[in-house]
Amino acid sequence: MLKRIRQRLPLSEHIVQWCLMCTAFLTVLLLIGIFLFLFLSSLRAFREITPSEFLLGNSWNPVSYHRASWGIGSLLQGTLLVSTTALLFAAPLGLFTAIYLSEIARPLVREILKPTIEMIAGIPSVVLGLLGLLFFAPLIAKTFHLSNGLNALTAGILVGIAALPTIASVCEDALSGVTRRYREASLALGATRWATIRRVVLPAAHHGIAAAIMLGLGRIIGETMIVLMVAGNSLAPPRSLFSPARPITATIAIEIKETIIGSTHWHSLFALGLILFLLTFLVNFVADFLIHRRTL
Amino acid sequence: MSMPSRFALLPLPLLLLTACNRGTSNTTNLTIKGSDTEVQLVSNLAKAFARHNTSAHLSVTGGGSATGIASLLNGEIDIANSSRPMSDAERAQASERGIDLQEFILARDGLSIILHPENPITTLSMQQLSDIYSGRATRWKDIGGSDAPIVLYGRQSTSGTFGFFRDTVVKDDYAQTMRNMEGNQAIVDAVRADANGIGYVGVGYVKDDQGNVRDGISAILISLKNSNPVSPLDREAVKRGDYPISRPIYQYLPAVPPRGSPAEAFLRFEASSDGQAIVEASGFYAITAEDVQRNSTLLAKIH
Amino acid sequence: MRLDQRLHERLAIGCCRMSALLTVSILAAVLLLLIFSGIRVMNLHFLTADWQHMDIARGGIFPAIFGSLALGIGVITVSFPLGLATAVFLTEYRPHALWKRTVQLAIRNLAGVPSVVYGLFGLAVFVQTLAFGMSLLSAILTLSIMTLPWVITAAIEALEAVPLHFRESSLVLGSTHLQTTWHIVLPSAIPGSITGGIIGIARALGETAPLILVGATFYLSHLPRSLFDPFMALPYHTFILATQHSSPLAAAYAAGTALVLFSLTVLLSVGAILARFWFRKKKDW
C-alpha cells in the first residue's frame, strides 16, 4: 500500500488529520460508552436485587401486589423460544435460496432476484407486526384451532422473515466467493450439479454460511416490534410454541416508560439491556471470527 | 462547484427548520402524557381547546398512567393523565422531589368486563372476577360456564387500568398466564376473536357512538356480594356509584397552575359544559357533583 | 446417471427453486396484503391533512410524514459527515494500524446492537442527562448513532474502491495528502458512500423501538417548529393505530400509514440501487 510521502505539511493538514482522528475515535468511544453505560446502570440495580435472583429466578414482576420479583428466567425462555423458532425457519430457507441464487439461477434471474430479496430487509418491523396482527395471527389460530394466534410460533415465523434477507444475502456472498475452479474441476470429474454443490461448494463456504446464520441470529435476538405486537406478552414461562411469550426486548420496550428515573426498576431494565447487548455482542463476535477465518 | 462542495448544502433544510424557531427553545406550552385509556379523550379535548385558543400548543402522548406519573415525577411534563389515583409511594416520591401534587378529575369511567358473544355468562360477582384474574379459577365451568380454559386478557403494568383493576377487584397478583395487551383496543380485538376470552376495558371502548355495545363483544353485569348486578352502560348507576367498578379519571399537575396559564385554561375548559360534552361523546361519563366539589378546591387555589 | 441419482438431483434442485420462490412470494404477500388493507384510505387528503382523533376518516397523516422527513434529514445531516470523516481517516491516514481493526470491530458490533438498546442509551443520555427532553433532537441523535455504522462501512468500501494510482498520481504531482483526498479521492468515493448511507437511513426511518423510548407523540396541535419540540412519526403512528385506537377504521388507517412508510423506504432503497448503477456507468476506471 501507499507509504506516507514525507512533506513539510502546513498546519491545516495537521488540524484536519487530528479532527478526522477524533471523529474515528468517536465510534470506538460510542461502543465502549454504550457498554459502560449499561454496565454502570445495571450495577446500581444489583444494590437491591441479588444477582442470583436476577439470573436464576423465574418470575419477573417488578410491580407486584406483594413482593417484587426480578427473575429473568421466563424472559430468557421467551427470547430463546422465539429466537430458536425464527432461526429454524429462516436458516434453511435462507441457505437454499442462496444456493439457488448462486449456483442454479441464470445470471439475469440472479440480477433481478438478489435486490428483490434485499428489499425484504427494508420492510420495517412494525409493518411485519401489523400484518401479523391483521392476517397472520388469525391464520395461525385457525390452522391450529387455537383461541388466539398471538404466541411464540407467530412471533418466531415473522421474526424469521425479518432475518431471512440477512441470512440469504451473506450466504450468497459466501457461496459466490468460492472460486470457479472448484466447481469446474468437480463437474469435469463427472459429478452432478447437486453433488458438486453438496460436496464441494458448501464445505468450501461453510465458514461464511455459519457467519450468515450468526448474523441472522443477532438480528433475531434484537427484534423488538414484532414480538411486542404478536408474541402474546404473558409473564408466565412459555410452555410450548403455542404459549404467549415475553422476550427481553419486549419487556424493555414496555416497562421503560413507566419507570421513575433512579428507581430500582429503571436500573433493572438497563441490566436487561446489558444482557441483550452481551448476547448480541457474543453472536456478532463469533460471526466476525468465522468470516475472517481463511476459507479454502 | 466541485462535487464535495455541493454536499455541504445538505444541512440547509435542517437549518431552515431551526430558523423557524421563535426564540424559545420549546414552543409547546402544554405537554400532557399518561393513560392510554384517556389519551383519545384528552386529545379530543386538546383539539377543541386549540380551536378556541390558537396560541396554545399542546401535545398529548399515551404510554400508560404509570408512564405519565413517572414523567411528572421526573419533571418532564405539565399534566399527567392517570386512570388510577396515585399511590402513597408515588406521593411520597413527589414530596421528596419538592413537587406540590395537584389532583383534578375530568371524567368518570365504568370499567367494563367483556366476553365473547358466544359465552353464555352474563353476570359475574366481584369475588368471581377476583378468582378468575388471580388464577384461582382456570376453567369456565368453575363459574358456571362450559368446560373450556379461561383465557385472560389484561393490560401491561404501565397501565392505570391494570393497577386500578388489580387493587380494586383482584386484590392479589394477576395470574402469570394473563396476556398483557398494549391497549384497550388490543383487548377488545383479542376478546372478539377468542370465544374463551375475558378482558377489562374502559367503557368508551365498549360503547359505540349511539351508546350500544359494539359488535363482537358482550359487556357483562357486575354485582357486589349481595346486591343486584349492574351494567356498566347504565349511566345513572355509574354516576350513583352503584356500579362496583366505576372510577374517576384523573389528571395530576406538579403545582398549582398560575392564573392565566395554559394549564389553568385547559382545566377550566375540561370542566366546562363544552368539555364535558366531549367527555360524553368520547365514551366516558361526565363528572358527578362530588367530583366538581373536589375540583373546586384546586381551582380555588389558583391566584 | 442412475435413475435414483437423477431423482435425488431433481429433488434437491427443485427444493432450492422452491425456497427462492417462497422467499420472493413472502415479499409479494407482504406488499399485496399491505396494499389490500391500506389502499382504501389512500388519497391526497390522507397524505396532506392534519390528524383528527374523533373521526379519523376526516383526517390525514401529514404530521407523521413531516416528522419522519424531518427525522430523515436530521439523521443524514448528523451521520453522513461524521461517518464519512471516520471512513476517510481510516482509509487515507491509517490504512494499516491497529486503529483500523479496532474501529472496524467496533463498527461491526455497533451494527449488531438491538435498536431498543440504542433507545435506552438515547433516553438516558440525550433525553435525561443532556436534558434535550423528548424531542426531535434526541430522536435524531439516537437514530444517527444507529445509522453511523452503515454509513461508515459503505464509505470505507467506496474509498477502498478508488484505485491506488489516482492517489499516487496526485501526490507525485506535488499536492498534499489533504488536497489529494478532498479533490481526487472523495469525489470518486462519494457516490458509493451515498448509496450505502441511504440504505442505512431507510432502515433508521423504519425503526419504532427507539422512538417509543425517546419520544414520538400521539397528538400534536402543531408541527414541530424547533428541534426541541415533540413530533409525530410514521412508524410510531402505525404502532399506535394498530394497538390503541378504538375506531373501527383504525386497522385500515394503520395499514395506510404502514403503506406510506413502506413506500418511503422502498423509494429510498430503489433510489440507492439506481444511483449505484448510474454511478457505476459513469465510472471511468
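Quick look at the numbers
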| quantity | calculated |
| --- | --- |
| For chain C, size of Cβ-based charge dipole, Lys and Arg +1, Asp and Glu -1, in debye | 720 debye |
| Cα-based radius of gyration of the range C:2-41 once divided by 2.2 N^0.38 Å, which approximates compact folds | 1.92 |
| Nearest-20 debye value, the range A:75-295 charge dipole, Cβ charges on Lys, Arg, Asp, Glu | 680 debye |
| Helix-only CD estimate at 222 nm, as mean residue ellipticity for the protein assembly as shown, using -39500 (n - 2.57) per DSSP H run (n ≥ 4) | -18500 deg cm²/dmol |
| Across A:Lys142/B:Lys207; A:Lys114/A:Lys257; A:Lys257/B:Lys239; A:Lys142/B:Lys171, pairs whose alpha-carbon gap is larger than 30 Å | A:Lys114/A:Lys257; A:Lys257/B:Lys239; A:Lys142/B:Lys171 |
| Partner chain coverage, peptide B:52-63 - average Cβ within 10 angstrom | 5 |
| Footprinting exposure proxy for C:Cys16, A:Cys19, A:Cys171 (fewest neighbouring C-beta atoms within 10 Å first) | A:Cys19, C:Cys16, A:Cys171 |
| Selected from A:Phe89, B:Pro258, A:Ser186, residue furthest toward positive end of dipole (the protein assembly as shown; charges at beta carbon) | A:Ser186 |
| Span-rule helices in chain A, defined as complete DSSP H runs reaching 27 Å or more along the axis (Cα) with Kyte mean at least -0.5 | A:11-45, A:73-99, A:152-176, A:264-292 |
| The range A:75-295, Cα convex hull volume normalised per residue, Å³ | 136 Å³ |
| Reachable aspartates and glutamates, given that their alpha-carbon falls under 17 Å from the alpha-carbon of B:Lys301 and they are not under 8 places away in the same chain | B:Asp100, B:Glu103, B:Glu264, B:Asp291 |
| Debye log10 I(q)/I(0) for the range A:129-246, one point scatterer per Cα, at q = 0.19 Å⁻¹ | -0.90 |
| Against the rule of thumb 2.2 N^0.38 Å, how large the Cα Rg of chain C comes out | 1.23 |
| Alpha-carbon Debye profile of the range B:28-169, log10 I(q)/I(0) at 0.18 Å⁻¹ | -1.02 |
| Residues of type aspartates and glutamates that B:Lys141 reaches as a straight line, Cα spacing below 16 Å, ignoring anything fewer than 8 places off in the same chain | B:Glu118, B:Asp131 |
| Estimated dipole of the range A:224-296 in Debye, rounded to 20 [Cβ of Lys and Arg +1, of Asp and Glu -1, Cα centre] | 260 debye |
| Most fluctuating residue given options C:Leu205, C:Leu173, C:Leu44, as computed from a GNM of chain C linking Cα atoms under 10 Å | C:Leu173 |
| Distance histogram for the range C:59-120 (every C-alpha pair counted, 5 angstrom bins, percent rounded to whole numbers) | 4, 14, 14, 18, 18, 12, 9, 5, 3, 2, 1, 0 |
| Over the range B:206-264, equivalent-ellipsoid semi-axes from the Cα gyration tensor in Å | 33, 17, 9 |
| Most to least packed among A:211-217, C:101-107, A:98-104, B:62-68 [average Cβ atoms within 10 Å] | B:62-68, A:211-217, A:98-104, C:101-107 |
| Distant alpha-carbon pairs in the protein assembly as shown (separation over 55 angstrom), percent | 15 percent |
| Compactness of chain B as Cα Rg over 2.2 N^0.38 Å, two decimals | 1.15 |
| Inter-chain shielding of B:30-41 (mean C-beta neighbours from other protein chains, 10 Å cut-off) | 3 |
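Values in this text are rule-based calculations from the coordinates and carry no lab data. This one's a predicted model, so the numbers in the text were calculated from it and none came from an experiment. We place every Cβ from the backbone using ideal geometry, glycine too, and count neighbours over all the protein chains shown.
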